[in-house]
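Asker: This structure is in structure tokens; I'll ask about it shortly.
No lab work stands behind these numbers, since they all come straight from the coordinates. Model, not experiment: these values are computed from the prediction. When we count neighbours, we look across all protein chains shown, and the Cβ atoms used for this are built from the backbone with ideal geometry, even at glycine.
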Amino acid sequence: SVAALSEPIKAFLKAKVPVLSVVIGEGGSLGALSLLVSDRILMLSYSYLSVISPEVGASVLFKDRSMKKDIAKALKITSEELLNFNVINGIIEEPFTGAHRNPELTIQTVKEALQKEFELLLKEPSENLLKRRAEKFEKFKI
């Protein structure tokens, strides 16, 4: 429900500590909206983020789930596309064969990215974090 969806967004907007989100797979539902309020959003290179999955979008718009590739392309849901549109802040490179093929390396890479981001965010006064999150929320018209 919309009410349930708004709770994490409210919590993120009020948090006096850094909020960092990492998309590690498929972020394709309304729950993905709450991630957009984070101070920083990172994605694994082969992940996607969208408020609607390509399959559902194809079903709704075309009544044909086989159109999911066309919808995915139109939605601009890849990590590179979202970085270019300033929706996310960074991409964590995965092994060429995917994170699932080398989980130890992926975990280490994510850990290093999180440490780097938190080191930067922890230097920021809480007031600045809160202000920027509110501005981001307004920008995305969530």
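Asker: How about LYS131: which lysines have a C-alpha closer than 23 Å to its C-alpha, ignoring those fewer than 8 places off in the same chain?
Answerer: LYS10, LYS14, LYS16, LYS116, LYS123, LYS139, LYS141
Asker: Only residues of region 1-43 count here: report those whose backbone N is under 20 Å from the spot 7 Å along Cα→Cβ of ARG65, or say none.
Answerer: Label zone hits: 26-31.
Asker: Please compute the length gained on full extension between PHE140 and LEU30, using 0.36 nm multiplied by the number of residues separating them and subtracting their Cα-Cα distance.
Answerer: 38.2 nm
Asker: Which FRET efficiency value, to the nearest 0.05, do you get for LEU13 and LYS76 by plugging their Cβ-Cβ distance into 1/(1 + (r/R0)^6) with R0 = 30 Å?
Answerer: 0.75
Asker: Would you give the gap between the C-alpha center of region 16-67 and the C-alpha center of region 76-105, rounded to a whole Å?
Answerer: So the two Cα centres are separated by 13 Å.
Asker: Count charges around GLU117 for me, please; just the other residues with Cβ under 12 Å from its Cβ, Lys/Arg as +1, Asp/Glu as -1.
Answerer: 0
Asker: Modelling each spin label as a point 7 Å along the Cα-to-Cβ direction, I'd like the GLU124/LYS111 distance in nm, to one decimal.
Answerer: Between GLU124 and LYS111, the simple spin-label model gives 2.5 nm.
Asker: On the Cα set of region 2-136, report Rg and Dmax in Å, please.
Answerer: Using the Cα atoms of region 2-136, the pair Rg, Dmax is 16.1, 49 Å.
Asker: In debye to the nearest 20, how big a dipole does region 1-83 give about its Cα centre with +1 on each Lys and Arg Cβ and -1 on each Asp and Glu Cβ?
Answerer: For region 1-83, the charge dipole is close to 140 debye.
Asker: For the chain, what's the relative contact order in percent, using C-alpha pairs closer than 8 Å and at least 6 residues apart?
Answerer: Result for the chain is 27 percent.
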